[in-house]
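Here is the structure we will look at.
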Amino acid sequence: MSSSVAASHHAAHHAEGIHVDHPERSVEYQTEDGSLKILGFWIFLATDMILFACLFAMFVVLRTHIDGGPSGKQLFDVTGFTEETFILLTSSFTGGIATFEMHRGKKGRVIGWLILTALLGLSFVGLELKEFIHYAHIGATIQRSAFLSAFFTLVGTHGCHVSVGILWMTSIILQVAKRGINPITARKVFIVNLYWHFLDVVWVFLFTVVYLMGVM
Amino acid sequence: MPAWFHQFADKYLMWQEGPLIMGSDVLILLASIGIIFTLTYFKKWGWLWREWIVTVDHKKIGIMYMIAAILMLFRGGVDAELMRTQLALPNMHFLNAEHYDEIFTTHGTIMILFMAMPFIFALFNVAVPLQIGARDVAFPYVNAISFWLFFLAALLLNISFVLGGSPNAGWTSYPPLSELGFSPGPGENYYLLALQITGIGSIATGINFMVTILRMRAKGMRLMDMPLFTWSVLAACVLIIFAFPALTVALALLLLDRVLGTHFFTMLHGGNPMMFINLFWIWGHPEVYIVILPAFGVFSEVIATFSKKPIFGYKSMVFALMAISIVGFVTWVHHFFTMGSGADVNTFFAIATMIIAIPTGVKVFNWLFTMYRGRIRMTLPMMWTIAFIPCFAIGGATGVMLAVAPADYQYHNSYFLIAHFHQVLIGGTVFGMFAGMYYWWPKMFGFMLPDKLGKWAFWFFNIGFYVCFLPQYALGFMGMTRRIYTYPSGLGWTVPNFISTIGAYAMGVGFIFMVAQIVQGIIERKLDVTGDPWDGRTLEWSLPSPAPHYNFATIPTVSGRDVWWAVKQGELPKSSLFPAKKDVKPIHMPKSSGRPFILSVFFFIGGVGLVFGLLPLDIIAGLGVAFCLFRRSFEYDTDYYIPVDEVVETETTLGRLQA
């Protein structure tokens, strides 16, 4: 970030009563509190990663335990999960652009890109729900077999994370709209995007381990 | 009595279960009325709310953790005494089989998750920020959430006793026994929900203290300058962060099995019960290091202070802590060698388990070398520390015996195992927590505890310990398995069991002496005016007892280890630790908030809803939690400044201000 942008931020924040500890840093790291929160969030993501790792372990152990019910190969629709993948990966990219625009201090664009990100997330969740409802209709319910229990739980946990992310992102869009870009809102935009990218990475593994290896 | 009440009383209050439960119902009712009456009569509700419930001050949260831990120690201890009474003689019918099952389950669950965990968190909160020169933890608001989640989860587990029935599938809660088909009542749900809720709080505490230690140390304090207790907390945080999510998953999946009818751990439709056991111990084994490492940290502080020597082999102590926290992740299979994973897998985990003994041994020798030629003062913290060393050495040696996989087929689930893990958990963690409590008591409360009753407590508890648990090693070899509620005469088990029960009662007497000591201390209130009653070495002793709520008026500048000792020896200038008037600036502090408490109450309501399958409660709870989270997100007025004048005035009164 150029020093003039930093300086203008600095001046703006004082008007709002935000105590800037590190004016030389990128905007989301300018308060000491914000910098601590970002580190704390990284560590939280580590715990979330372990949580997904355990669910993956369960899935890998149980994926062949279909108990005479439908297998992944019979259920999964290549077009469907490719669409989901494409949409979620694109949303991660648009979320990244929102962070980029935040660093350039463009409030309107940050909001626009975040709205697009949340909408892409919403359509991802919609497709996933459609997929789940379809499975349930043809008798592949979460109670049918250990494989399906593990499948719905693993993929559903990711879907719940995305849904929470959409609600969270919405609240941050409102805050940026009301307060503009300052070290506090910038930190919030940055952290929600960290979360969003993390979910994207988890999806890459879901795509590979659950769907691709499932249809192979 | 109307019919609906009769039904409610029988089904949920369990009045058909006999006098034990009915008596408890009445006692709980009377105690609750008593507490409400006292608070109302002395007009203390406002005080309770303002001073304690809404606080985000780590010192007060630490005190609340400790009080809760001691209450839970009492509850778990009563469970233990009931079990030992039942086992004192053959063919006893003091408890029936079902009640015995419930009591050993709640004993284990409470002692690990609702006694040991809050006790270590109490010491984290009390000592860490003061030891590293910080004004609070990194996330004070989250710290309050952690505490209240633990507190309401503890309440949730404890009400199971009188409301619907306690869990009875053991503290490890193995499926398929813990599945709906074999444990149909609400008891198992209580277990799953209470642990889940407190587990969320524990993960948050792990993150909180890791960030605090990594980022909020005083100027000039390198990692290798930190007091060893702080190092032990860092090692425990690593374990918490990487182990607790496995518990979260294990509990959540078992709950799904019970509530939603999934087949993760069932015997039918392809479920695999052993996966629960794997996930449980992937958390469970690191968990025992989570509760022992902070105790090791306490011992390091206590031994250095009361030997008047710097700790011997500081770097190897740090190395040992970190080695234990890493190797501790690859030993979990030793809890079920008999599962039949095969010789290769068992060998790996057997060797990994034995390797843990090496860094632990390093620590024991370092403690001994620190005491060697030291000027030892036999205070209460030091007594508990010295008692720990032989106790833990025996427990560690029997642990290595258990680690020998082929031999474990003999010891597995016998009283030999019971004796072993009580020896390391009581001799290690509980002794360590007692040592830490005595050591930091003046710092927490500002007054000293009288020695005499404490020494009675020490001797009763220690002698009682060996009398209680040494016979259990023999009982294990004689074939007595854990979790049996009675046994026939003529097996030769009667005498050791009877002796063991006498020991358990002696430990109970020890606990009563400890409570009496605390009561006497509160009445006498012998104030610690120095702030440094033990002639300590680390930063917390440079502060008054108790510390002002901002801790440090100016953040101290330190160099090297044991800085307070160095200042007292004249090796460092006093001005590096004490505030000068010209350096005092407005102090940035977090505002109190009632929301952590309210949020946790919603978690509690959701827990009750899931336990009994009451959907409306779950919806209320879900909306309540979401409401609290969004309110917080939209809250910008979260902190305030203490003006310079106020700080200067406080520091002048304390006589700390430098020219």
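The values are calculated or read from the model by the stated rules, or taken from the named source; none is laboratory data. Given the structure is predicted, the values throughout are model-derived calculations rather than measurements. Methodologically, a virtual Cβ is constructed for each residue, glycine included, from the backbone with ideal geometry; neighbour enumeration extends over all protein chains shown.
Quick check on the range B:254-291: of everything there that is of a type in the set (A, V, I, L, M) and surrounded by 24 or more Cβ atoms within 10 Å (Cβ to Cβ), which residue is nearest to the other protein chains (Cβ to nearest Cβ)?
Step by step, filter the range B:254-291, then rank; the result is B:279.
Listed residues B:464, B:476, B:521, B:492; which is in contact with a strand residue (DSSP E or B) (Cβ under 9 Å, 6 or more places away or on another chain), under 30 Å from residue B:402 (Cβ atoms) and either free of Cβ contacts under 8 Å to residues at least 40 places away in the same chain or surrounded by 18 or more Cβ atoms within 10 Å (Cβ to Cβ) (or both)?
B:476
For residues that are more than 14 Å from chain B (Cβ to nearest Cβ), of a type in the set (Gly, Ala, Ser) and surrounded by fewer than 20 Cβ atoms within 10 Å (Cβ to Cβ), tally how many sit in the range A:64-91.
1
Can you tell me which residue in the range B:627-659 is nearest to the other protein chains (Cβ to nearest Cβ), limited to those that are farther than 24 Å from residue A:180 by Cβ, touching a helix residue (DSSP H, G or I) at 6+ places or on another chain (Cβ under 8 Å) and surrounded by 15 or more Cβ atoms within 10 Å (Cβ to Cβ)?
Among those residues, the one meeting the criterion is B:628.
Within the range B:218-232, does at least one residue satisfy the condition of being in a helix (DSSP H, G or I) and within 11 Å of chain A (Cβ to nearest Cβ)?
no
Would you point out which residue out of A:210, A:201, A:164 is surrounded by 15 or more Cβ atoms within 10 Å (Cβ to Cβ) and within 29 Å of residue A:42 (Cβ to Cβ)?
Sole residue among the options that is surrounded by 15 or more Cβ atoms within 10 Å (Cβ to Cβ) and within 29 Å of residue A:42 (Cβ to Cβ): A:210.
This table checks each residue for (1) touching a Gly at 6+ places or on another chain (Cβ under 8 Å); (2) modelled with pLDDT under 95; (3) over 20 Å from residue B:144 (Cα atoms).
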{"site": "B:182", "(1), (2), (3)": "no, yes, yes"}
{"site": "B:191", "(1), (2), (3)": "no, no, yes"}
{"site": "B:204", "(1), (2), (3)": "no, no, no"}
{"site": "B:226", "(1), (2), (3)": "no, no, yes"}
{"site": "B:250", "(1), (2), (3)": "no, no, yes"}
{"site": "B:256", "(1), (2), (3)": "no, no, yes"}
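Quick check on residue B:31: is it touching a helix residue (DSSP H, G or I) at 6+ places or on another chain (Cβ under 8 Å) and in a helix (DSSP H, G or I)?
Here the answer is no, as residue B:31 does not meet what is asked.
Yes/no matrix, rows are residues, columns are (1) at pLDDT 90 or above; (2) away from chain B (no Cβ under 13 Å):
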site	(1), (2)
A:6	no, yes
A:24	yes, yes
A:37	yes, no
A:44	yes, no
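Yes/no matrix, rows are residues, columns are (1) under 25 Å from residue B:171 (Cβ atoms); (2) under 23 Å from the mean Cα position of the chain (by Cα); (3) of a type in the set (Ser, Thr, Tyr):
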{"position": "B:470", "(1), (2), (3)": "yes, no, no"}
{"position": "B:477", "(1), (2), (3)": "yes, no, no"}
{"position": "B:483", "(1), (2), (3)": "yes, no, no"}
{"position": "B:493", "(1), (2), (3)": "yes, no, no"}
{"position": "B:497", "(1), (2), (3)": "yes, no, no"}
{"position": "B:503", "(1), (2), (3)": "yes, no, no"}
{"position": "B:516", "(1), (2), (3)": "no, yes, no"}
{"position": "B:521", "(1), (2), (3)": "no, no, no"}
{"position": "B:525", "(1), (2), (3)": "no, no, no"}
